[in-house]
Amino acid sequence: MILRHSSLEGLLSTLSTGARVYVPAKADGVTKFVLYSSSVRPDFSITNTTMPPKDLLFPQTQHMYRYGTDAEGVPYVEPVHDADDVIVFGMRPCDVRSIECMDDVFLTKGFVDVSYQAKRERLLMVAMACTAPAPTCFCNSMGLCPTAAPLADILLRPAGATDASGDTAYLVEAQSEKGQAALAQWESYKATDTSDADFEPVSAAVSCSLKVSMVGVKDKLEAMFDHPIWEQLSKKCITCGTCTFVCPTCHCFDISQENRLSEGTRFRCWDSCMFTAYTEMAGGHNPRASKSARVRQRFMHKLCFFEQRYGKTLCVGCGRCVEKCPVALDITCLIDQIGAADVAY
Amino acid sequence: MSLSTAEALTDALREEARRLLAEGTVAVVVGWEAGRFPNQTTPAFISDPEQAQRLVYGDYCVNTLAKYALGEKAAGKVAVCVRGCDSRGINRMIADNQLLRDEVYLLGLPCSGMKDPATGSLLMKCRTCTEHDAVTYDVLLGPATAAGHDGASADSSAGDSEHVSDEQRFTAVLGIEEMAPEKRRALFDAAFNKCIRCYACRKSCPCCTCRECFVDQLRAGWQGKQNNLAENRFYNITRVFHIGDRCIECGECERACPMGLPLMALNRKMVKDLKSLFNADDAGMTEENSAALGRYDLGDLEEFM
């Protein structure tokens, strides 16, 4: 199916009658996935949004259940169900891959997170291939392709040639049964005066200029737990949580509650392994009290531990932390340093 | 600054760092080195004299460095590259009993304002800076740019950041003060709504040196964990009141903020009020604690008692 850019607004309006549709846009100066309405101007040229789409499945604050005692003094526990049909329209391939990582964590290995699952089952991912990766993008190096998003339900690839009207075209392909079913709603917006064969979609030749080699990184890291690199590297880290909060795959959370008179709410919030309190235990002991231990944990988890457990790196190469770290502690520089480290593996 | 000025200062910095490390005067030199991207720099920690050539100085040294002295001083004396902002941060930490003057060796550098490596334009924090050059140092590595010091400029390229008047410095505050209360409320609600509470503002601040921040006092529970407008408002307002009379106006919090919150407008509101109510001195200009609210004199008025 060929979809013209000029048809997108109509399509988004139609889609938002049956689901909450999120599109990349700037809101109050921050680029993120914003709930579509007629007053929102989607911007499909953004690479990448400052905030990743992870909060749609894993909100920064998620109420899990309410509890308390009713008027007769009988205790109750009331789960909070807040899953809706959600369409994320215009996810980049790296963000789609990040959902794959979150699925591993929240749905596999014999443990299913019901809050995540409820949202995940009602999510439709519409991906948009990249034509112009940002200077901080390095997804190729992490085993991704900027123009392919295998887990997406529907993939839009900007077609190489714009037609005579100057209107950009997208080649639309369903990649799952869910995506195929969803395309029924799109039919009335497809371009009828042309066929798929007339367009050359953006090719796999699109590539990130930033490149790193992941060869041997995981294996080397297994032997680098006590390497001096962590002490040296962590000196400039100010242990804020920026990298973890803008990361599309960081998924650590902390469960807490607030009580008022006879009722309360249990909720979970994003937590960050950069924060001292992250590993602080009830008795006051902290196994990761030092800054270098915390920095090591973050990078080990991204580049070694996750791969050991799930067979893929927890970094998708989106470059958000590279761009936003206030002290330019750059994961790609670390990967280079690991590559250069004289460690047998 | 001109390319030749930057190169001369970089050479002087490397030479001085090498000498200090080789002679054992300091254990580590904190400066900047080149990052991966064009013009990008990143904080550097040099303890081997042979590595001193990694240091760079120029228009893109965006990080203020003062706070790193706290983390490094356990290893011995720390040499820190200082401009106006860095040196005022050092003074502030001395005044707050976090640091002794003897624990640091200050390498004074002239500054004509730093630029954003991505855009090449002067950083917001440098546009409203009142003290470009170091206010205290052990050695001065180049002629003063003096853009913030009584007029005369020693470097013609300092023209991109002229002396900043109080009017310019408080422009954002004045604009907000003039707003109707509802509009002001809406402005800050929008800002606090997008705060992700990564705490980069607190961590980058040379005044935020509490061993345990109120945010982390989980048992006391001052700061709730939920991310919502009420909690975000509480965090941001408490932060600004806590540093209120000590803020050195380096603007590092606002630069570090990944969400673009107007943190300096809040900080400067405190600075402006303290100036008009108490005739308060600008913070961090000396090692003395001149904080209007954070110290007392026996001669203080006690009209309210």
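Structure notes:
- Qualifying residue in region B:1-10 (condition: within 12 Å of chain A (Cβ to nearest Cβ), modelled with pLDDT under 95 and surrounded by fewer than 23 Cβ atoms within 10 Å (Cβ to Cβ)): no
- Considering A:PRO75, A:PRO42, A:PRO52, A:PRO59, the condition of being surrounded by 15 or more Cβ atoms within 10 Å (Cβ to Cβ) and free of Cβ contacts under 8 Å to residues at least 12 places away in the same chain is satisfied by A:PRO59 alone.
- Matching entry among B:ALA6, B:ALA12 (being assigned to a helix (DSSP H, G or I), under 30 Å from A:SER209 (Cβ atoms) and more than 17 Å from the chain's Cα centre (by Cα)): B:ALA6
- Residue ID - farthest from the other protein chains (Cβ to nearest Cβ), chosen from residues in region A:308-345 that are in contact with a Lys or Arg (Cβ under 6 Å, 6 or more places away or on another chain) and more than 30 Å from B:ALA118 (Cα to Cα): A:TYR345
- Being away from chain A (no Cβ under 14 Å) and open to solvent by 20 Å² or more (accessible area, probe 1.4 Å) is true of B:LEU100.
- Subset of region A:80-119 [in contact with a strand residue (DSSP E or B) (Cβ under 7 Å, 6 or more places away or on another chain) and modelled with pLDDT under 95]: A:VAL80, A:ASP84, A:SER115
- The residues of region B:252-291 that are open to solvent by 30 Å² or more (accessible area, probe 1.4 Å), among the hydrophobic types (A, V, I, L, M, F, W, C) and in a loop (DSSP other than H, G, I, E, B) amount to a single one, B:MET285.
- Any hit, region A:140-163, residues being of a type outside the set (Val, Ile, Thr), away from every other protein chain (no Cβ under 14 Å) and touching a His at 6+ places or on another chain (Cβ under 7 Å): no
- Residue ID - nearest to the other protein chains (Cβ to nearest Cβ), chosen from residues in region B:22-51 that are under 15 Å from B:LEU109 (Cβ atoms) and in contact with an Asp or Glu (Cβ under 9 Å, 6 or more places away or on another chain): B:PRO43
Here is a yes/no grid of residues against (1) free of Cβ contacts under 8 Å to residues at least 40 places away in the same chain; (2) in contact with a Ser or Thr (Cβ under 8 Å, 6 or more places away or on another chain); (3) of a type in the set (Gly, Ala, Ser):
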| residue | (1), (2), (3) |
| --- | --- |
| A:GLN117 | yes, no, no |
| A:PRO133 | no, yes, no |
| A:MET142 | no, yes, no |
| A:GLY179 | no, no, yes |
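- Scoring B:PHE241 on the criteria (1) at pLDDT below 95; (2) in a loop (DSSP other than H, G, I, E, B); (3) out of contact with any Cys (no Cβ under 7 Å at 6 or more places or on another chain) leaves a single failure, condition (2).
- On the stretch given as region B:197-213, residues that are more than 17 Å from the chain's Cα centre (by Cα) and either crowded, with 16+ Cβ neighbours inside 10 Å or among the hydroxyl-bearing types (Ser, Thr, Tyr) (or both) total 3.
- Test for A:ALA277: is it aliphatic (A, V, I, L, M), more than 9 Å from chain B (Cβ to nearest Cβ) and either touching a Cys at 6+ places or on another chain (Cβ under 7 Å) or open to solvent by 20 Å² or more (accessible area, probe 1.4 Å) (or both): no
- Selection status of B:ASN193, farther than 21 Å from A:GLU280 by Cβ, in contact with a Ser or Thr (Cβ under 8 Å, 6 or more places away or on another chain), facing chain A (nearest Cβ under 10 Å) and open to solvent by 30 Å² or more (accessible area, probe 1.4 Å): no
- Test: residue in region A:246-267 that is farther than 16 Å from A:SER234 by Cα, in contact with a helix residue (DSSP H, G or I) (Cβ under 9 Å, 6 or more places away or on another chain) and not in a loop (DSSP other than H, G, I, E, B): yes
- Residue among B:THR119, B:THR130 that is within 14 Å of chain A (Cβ to nearest Cβ), open to solvent by 10 Å² or more (accessible area, probe 1.4 Å) and of a type in the set (Ser, Thr, Tyr): B:THR119
The values are calculated or read from the model by the stated rules, or taken from the named source; none is laboratory data. None of the values given here were measured: they were computed from a predicted structure. Every residue, glycine among them, receives a Cβ derived from its backbone with ideal geometry; neighbour counts consider all protein chains shown. Quick note on the areas: whole protein, heavy atoms, side chains included, nothing else; ligands and nucleic acids left out. Shrake-Rupley method; radii C 1.70, N 1.55, O 1.52, S 1.80 Å.
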